[in-house]
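First comes the structure, then the notes that go with it.
A short reminder: the numbers here are calculations on the coordinates, not readings from a lab. For clarity, every value in this text was computed on a predicted model and none was experimentally measured. Cβ coordinates were reconstructed from backbone atoms using ideal geometry, including for glycine residues, and neighbour counts include every protein chain displayed.
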Amino acid sequence: MDTASGSAAATELTPARVEPARAIAVPGWFYSLALPVVLIVAWQLATVGKTYSLIPPPSTVVLTAWDYAFGGIRNDTYSGTFAANAMASITRVFAGFFVAMVIAIPLGLILGRSLLARRLIDPTLQFLRPIPVTAWLPLTMILFGLGPPATIALIALGTFFPMLLNTVDGVRLVEPRLIEAAEMLGTPKAAIFARVILPAASPSIFTGIRIGLGLAWVLLVVGEMTGVPTGLGANIMDARQLSRTDLVISGMIYIGILGFLSDRIVMLIGRRALWWNPNAR
């Protein structure tokens, strides 16, 4: 057998190379939507066709949510009022949140560094921390009156402690060797706090900010029980009294969306501020 025929026979006996199948890239949002879709389908199956059910099906909630935002379906008192109520609630949430943050973070930095300050202030704070925000409602209305100031005060009170405790823990858990290394490199003691302690504690501080902002939205409904005429929480309470469960759920969904978006904004700011920290990316 000549060389050419041998090469042809070898080629016929050699199995063809099979290209590996390329994995199909699945976008991240697909996984995020899987659980909500399952819950909505289960909700629809559990409530559809039940005329006297207190829980409306998702289709009814969607129509109510659309009417609440844009009107044109029910044309009642709440039709097309979402924008005004959402703006009122957003203003109160962020006002209370910023009041708490301006007080909690500087105080947390002091308590984290000063043993004397912790001995003087921390016992009182730990005594006040377990008191529910709802228990402060009557006293807040007496001190600030009916209306937005009382709502802002309640939100600030509820968001204060998470930011404070995370700031204190972040400062106290700074690795002492970082401070020693900075001193050995000649960093002035006055600059160690700004150059070493504050950057090292920043991840914990931002975690407290995220928790505090989330709680601000949680406390919105309680805060708007102080006699405010507008706001998502105030509408939810009115709808509860009117047995409008569809409007209650619509308000809950909108609060969840606004809270989610505000959390994404804080996370984006945190990634930019903590660009040096690989865990924050």
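Key figures
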{"quantity": "Residue-by-residue Karplus 3J(HN,Hα) for region 227-234, coefficients 6.51, -1.76, 1.60, Hz, glycine and proline x", "calculated": "x, 6, x, 10, x, 5, x, 5"}
{"quantity": "Per-peptide average of other Cβ atoms within 10 Å, ordering 38-46, 243-251, 57-65 highest first", "calculated": "243-251, 57-65, 38-46"}
{"quantity": "Residue-wise HN-Hα coupling along region 110-122, computed from phi with Karplus coefficients 6.51, -1.76, 1.60 (Hz; x: Gly, Pro)", "calculated": "5, 5, x, 9, 10, 5, 5, 5, 5, 5, 7, 10, 4"}
{"quantity": "Entry for Rg and Dmax of the Cα atoms in Å (calculated from the structure that is shown) out of [x] 19.1, 57; [y] 16.9, 48; [z] 28.3, 108", "calculated": "[z]"}
{"quantity": "Calculated [θ] (222 nm, deg cm²/dmol) that DSSP helices of n ≥ 4 give over the chain, each run adding -39,500 (n - 2.57)", "calculated": "-24000 deg cm²/dmol"}
{"quantity": "Estimated distance in nm for a label pair at Ile110 and Val62, the labels positioned 7 Å out from Cα along Cα-to-Cβ", "calculated": "5.4"}
{"quantity": "Student exercise, region 58-280 dipole from Lys, Arg, Asp, Glu Cβ charges, in Debye to nearest 20", "calculated": "540"}
{"quantity": "Euclidean distance of C-alpha centroids, region 74-105 and region 155-174, integer Å", "calculated": "23"}
{"quantity": "For Gly80, residues with placed amide H under 5 Å, excluding near neighbours", "calculated": "Tyr68, Ala69, Phe70, Gly71"}
